[in-house]
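The values are calculated or read from the model by the stated rules, or taken from the named source; none is laboratory data. Values in this document were obtained by computation on a predicted structure and should not be read as measured data. Glycine also receives a Cβ, built like all others from the backbone with ideal geometry; neighbour counts cover every protein chain displayed. Remember, those area values only see protein heavy atoms, side chains included, never the ligands or the DNA or RNA. Shrake-Rupley method; radii C 1.70, N 1.55, O 1.52, S 1.80 Å.
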Amino acid sequence: MKEIKKIACIGAGYVGGPTMSVIAQKNPHIQVTVVDLNQERIDDWNTTDLSQLPIYEPGLDDVVKEARGRNLFFSTDVEGAIDEADMIFISVNTPTKTYGKGKGQAADLKYIELCARQIAKVAKGDKIVVEKSTLPVRTAAALKSILDDTGNGVNFDILSNPEFLAEGTAVADLHHPDRVLIGGENEEAIQSLVQIYEAWVPRERILTTNLWSSELSKLVANAFLAQRVSSINAISELCEATGANVDEVSRAIGHDSRIGPKFLKASVGFGGSCFQKDILNLVYIARSYNLTAVADYWEQVIILNDHQKLRFAERIIQTMYNTVNGKKIAFLGWAFKKDTNDTRESAAIYVADHLLDEEAQLVVYDPKVTAEQIYRDLDYLKTRSSADNRRLVTVVNDPYEALIDAHAVAVLTEWDEFRKYDWMEIKQMMKKPSFVFDGRKLLDAKLLRQLNFEYYAIGE
Ligand code: UDX
Ligand code: UDX
């Protein structure tokens, strides 16, 4: 078996950065170099002020502090890193296609292909190439063919090693994974990667499969998780109609050990870079094999999620006497979930967009998301001019600035700090009647009602 001395990872994003940091932390004898085309991103990874890393993840600063400069390096010298490495992880982004065949559904593999061509060009010795990015099933075949046909006659072994970490808990998930999945054809190459993970993961949690099972399992895991959220969100609407309480229903069904308690929290809708993208991908693949019933089944998970976001915005409008024009609505939270600064596909973006169509005045506070990011997210939708987005949306660094004189509060992200606010004082600051729309069922409903808020939560 080949002993790995040097690793390169292409892509210093949410997945590549934290994953490689932990691999380096746990394998001090392996040199790990993370490369990225984006100079600014690399500079941020190299920052001396660890609170300024490009990605906010609890505990990541300690891991980087331990390994960086010892055996963990961040660089823009992609070719140099490929040349030296025995094993190369590909962790570049694979966005949904915005053009051509499969537009809006299929994964755009252009960056993956660019990586493959670059590896093929540079490699002068045998390499193990590991797919870390989530990819459609059978991408490995395309990868292999590019590497073999354009390479310098060296041998490439392809492994699939999907990442299951969730944002906000990345470091804990990496330190204690439920499982590590490695798919491949060559047993020796598989063992080389197993050995790296064995440095801290119990062997029985390292699962090995064939390539295609591994690629597919990643899409399926995300599809199942998202499906649970859409399932409970569908029930949340039924609860609102019938007088049941969705948290009580979740608790009741979650006690069934066959169902289990996790991922049953009703919300304003799931977001994040993976769920929607991976399901669209699954749907696209199923359709490409003419499996219409399978495709329609999974597509419904997305349809319900879009419905949930729209429904929340509609509820706000209807409750506020069918007009929000010129009314100040305080948005608490913008990130797609707590403990991350990531906003990709966040429900907040779509709820905001709908309220802005009605000329609401939004004042947004999120503990970790910057104003630039919030405007970028809204501008990206191209619903209105960026001047209009700036006219209608204000971003503040102090939550109380958002709440003063607000007609309503909408909770979009479940940040812990929102619960700890002085809601009695907030009641004094807001316009009357004071509406609270809790998209996360986060706040203390009893207390807020006692304080005479008009309190509405998803699923009750
Ligand atoms: C990405 C994919 O989106 C996801 O499907 C996969 O599971 C893991 O990798 P993420 O790490 O969150 O997720 O993406 P992102 O934060 O956008 O990072 C990708 C990085 O790759 C960016 O920093 C980008 O600059 C870099 N990149 C992209 C390259 O270095 N070279 C390229 O050719 C393309
Ligand atoms: C997900 C998967 O969990 C992870 O394994 C995979 O590697 C990447 O995709 P992530 O997107 O970081 O991770 O976050 P996750 O915690 O799964 O939450 C996704 C979305 O679902 C969030 O918007 C969250 O708020 C929402 N959610 C989650 C709910 O609305 N209710 C729940 O019960 C759980």
Exercise for review: Report the relative contact order of the range 1-99, percent, no decimals, based on alpha-carbon pairs under 8 angstrom and at least 6 residues apart.
Suggested key: 42
Review point. How much of His29 can a 1.4 Å solvent probe reach, expressed as accessible area in Å² and rounded to 10?
Key: 120
Point to revise | Nearest 10 degrees, 0 to 90: helix 110-122 Cα axis against the chain principal axis | key: 20
Review point. In square angstrom, rounded to the nearest 10, how much accessible surface does Cys239 have for a 1.4 Å probe?
Key: 10
Review point. Mind checking the angle between helix 187-198 and the chain's longest principal axis? C-alpha axes, 0 to 90 degrees, to the nearest 10.
Key: 50
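Pop out the carbon and sulfur fraction of the accessible area of the chain as a percent, whole number, probe 1.4 Å. Don't jump to the answer; show the numbers that get you there.
On the way: 10200 of 20210 Å².
It is 50 percent, rounded to a whole number.
Let me know the shape class of the range 1-121, please: from the alpha-carbon gyration tensor, a ≥ b ≥ c as square roots of the eigenvalues, rounded when a/c is under 1.5, otherwise prolate if a/b is greater than b/c, or oblate. Can you show the working numbers first?
Details: a/c = 2.11, a/b = 1.36, b/c = 1.55.
Here the range 1-121 falls in the oblate category.
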**Study point:** With Cα atoms, 0 to 90° folded angle of helix 139-150 axis to the chain main axis
**Key:** 40
Point to revise | For the chain: accessible area per residue (Å², 1.4 Å) | key: 44
Revision key, fill the gap. Given trypsin sites (Lys or Arg not before Pro), DSSP loops and at most 15 other Cβ atoms within 10 Å, the longest exposed-site-free stretch of the chain is 263-381
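In percent, what relative contact order does the chain have, based on Cα pairs under 8 Å that are 6 or more apart in sequence? Spell out each step's value before the answer.
Numbers: 878 pairs, mean separation 53.4, N = 460.
Normalised by residue count, the contact order of the chain is 12 percent.
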Check your understanding: In terms of solvent-accessible area of protein heavy atoms at a 1.4 angstrom probe, what is the ranking of Glu188, Glu358, Glu131, highest value first?
Key -> Glu188, Glu358, Glu131
Revision key, fill the gap. Scoring the range 97-186 by relative contact order with C-alpha pairs under 8 Å, at least six apart, yields a percentage of 26
Revision key, fill the gap. Sorting Tyr99, Tyr321 on solvent-accessible surface, 1.4 Å probe, most exposed first, gives Tyr321, Tyr99
